[in-house]
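Encoded as structure tokens, the structure appears first; notes follow it.
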Amino acid sequence: MAQPLFSLDGQSLITPESFSNKLPSPNRDDETDLLRTAEAEFAIVINIAIQRFSAGKNLPDAVRWLIGQLHEVRHKFGAAVWQKLIPIIQDHPSAKILQQCPFTRWSFDKPRGYSGDASLIDFIYGHPAVAEEVARSTRLGLDIFDYTINAPGPVAVRERRDILTRYVDETAARTGSDTEVLAIAAGHLREAEASKALAEGRLKRWVALDQDPESIGSISSQFHGTSVEPVNGSVRGLLARKHRIGTFDLIYAAGLYDYLTDKVAIRLTQICMDMLKPGGVFLFANFSDEMADDGYMESYMNWELLQRSEADMWRISHRSATEDTEKTVWFGANRNIIYAAIRKRS
Ligand SMILES: C[S@@+](CC[C@H](N)C(=O)[O-])C[C@H]1O[C@@H](n2cnc3c(N)ncnc32)[C@H](O)[C@@H]1O
């Protein structure tokens with residue numbers, strides 16, 4: 001897998017240009033011709049989509065079709081051509097239509113200054129925190145939203161949240177009243193809302209670390225008086241061992257590795273392994289290279305993710321943890337997100 005051009009830290013902006021090396025590319029000589037062909041293919045696709053939007057019938061299905069077509073175009077023409085096609089798509093009048101969808105618009109506008117902020121994920125969760133923003137949308141925008149949040153990627157993200165809740169609750173059941181959990185890049189910690197262990201006061205502490213002070217503020221007010229401990233910290237701080245936060249029975253990161261180079265991912269995983277108690281588990285998730293929404297996300301949403309294969313997840317796990325650890329890698333139900341879990345020896 002090719003690597004993005006930079007390593008994410010607390011201050012980095014995550015933009016499509018950072019990922020331009022990711023897909024296999026054609027010869028430079030062929031590039032101009034290919035770009036013309038790709039533009040022509042996009043023109044056909046978007047004209048059909050706009051006709052379907054104008055007809056006003058079964059809009060979610062029209063959006064599903066468009067997302068599928070953009071995925072095909074992205075893969076067919078390779079990284080160099082696709083990166084040049086992205087601004088063409090973003091400047092096309094269709095962007096004004098698709099960005100009426102509140103989820104698409106938030107991602108494109110990046111109100112918090114970077115891609116993939118916790119409020120963006122709240123659209124996927126259908127969380128009341130973004131209800132006002134959704135309500136401000138046009139009828140057409142809401143119809144598009146109807147499909148975008150039910151596309152395979154968002155479906156997988158909702159499953160990921162539920163998997164995290166389950167891991168926390170199972171850890172509490174296994175380890176008893178001393179359970180200590182660390183969420184890295186916690187966002188708004190929405191997985192805590194359904195946690196029985198948290199609600200029943202069975203966790204000693206659930207440390208929620210994120211680089212965004214707004215997200216930390218949201219966690220502080222929502223979970224005030226519980227065992228949740230918000231920490232304004234970053235991957236950079238963890239790598240420098242700056243945060244003195246102790247050891248844990250469960251550490252997890254969701255929505256973070258998708259932005260990390262292998263080098264940073266491996267280093268972070270090693271540090272997390274050091275922060276685990278004996279028998280503890282480190283779990284990390286990544287969008288898989290089988291994800292279906294990438295073309296739409298990278299163009300109309302201006303949201304790039306570093307997709308990983310099963311082999312990529314195994315490589316990170318093997319390079320980060322000793323042989324005596326128990327490692328597993330598996331796909332979520334629709335294979336758009338892949339997981340790795342590493343259990344430390346008891
Ligand atoms: C896609 S959200 C995921 C939120 C949450 N884990 C979830 O699954 O809903 C990504 C989060 O990663 C945080 N983040 C990004 N880069 C970070 C870094 N270098 N250190 C700590 N947090 C980071 C962002 O602030 C954001 O809240």
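The values are calculated or read from the model by the stated rules, or taken from the named source; none is laboratory data. Quantities reported herein were computed from a predicted structural model and do not represent experimental measurements. Cβ atoms come from the backbone with ideal geometry, glycine included; neighbour counts cover every protein chain shown.
For this structure, a couple of remarks:
- Helices (runs of 4 or more DSSP H) enclosed by the range 51-146 - at least 1 residues per element that are of a type in the set (Ser, Thr, Tyr): 94-98, 102-109, 118-125
- Check on Met301, in a loop (DSSP other than H, G, I, E, B) and crowded, with 16+ Cβ neighbours inside 10 Å: yes
- Counted residues, the range 128-169 - those being in contact with a helix residue (DSSP H, G or I) (Cβ under 6 Å, 6 or more places away or on another chain), farther than 26 Å from Ser94 by Cβ and acidic (Asp, Glu): 1
- Among the residues of the range 304-333, those identified as surrounded by 16 or more Cβ atoms within 10 Å (Cβ to Cβ), within 26 Å of Pro152 (Cβ to Cβ), in contact with a helix residue (DSSP H, G or I) (Cβ under 8 Å, 6 or more places away or on another chain) and not basic (Lys, Arg) are Glu304, Leu305, Leu306, Gln307, Asp312, Ile316, Ser317, Val329, Gly332.
- Strands (runs of 3 or more DSSP E) wholly inside the range 148-235 that include at least 1 residues being modelled with pLDDT of 95 or more, surrounded by fewer than 21 Cβ atoms within 10 Å (Cβ to Cβ) and away from the ligand (no atom under 16 Å from the Cβ): 205-210
- The range 241-252 - residue that is in a strand (DSSP E or B) and away from the ligand (no atom under 13 Å from the Cβ) and, of those, nearest to Ala192 (Cα to Cα): Leu250
- Answer from Ile88, Ile121 - the residue that is more than 16 Å from the ligand (Cβ to nearest atom), of a type in the set (Val, Ile, Thr) and at pLDDT 95 or above: Ile88
- The C-beta contact set for the range 253-265 (first residue within 6 Å of the ligand (Cβ to nearest atom), second residue at pLDDT below 95, distance under 9 angstrom, 6+ apart or interchain) comprises Leu256/Leu8.
- Residue among Met301, Met297 that is farther than 28 Å from Phe248 by Cα, within 12 Å of the chain's Cα centre (by Cα) and modelled with pLDDT of 95 or more: Met297
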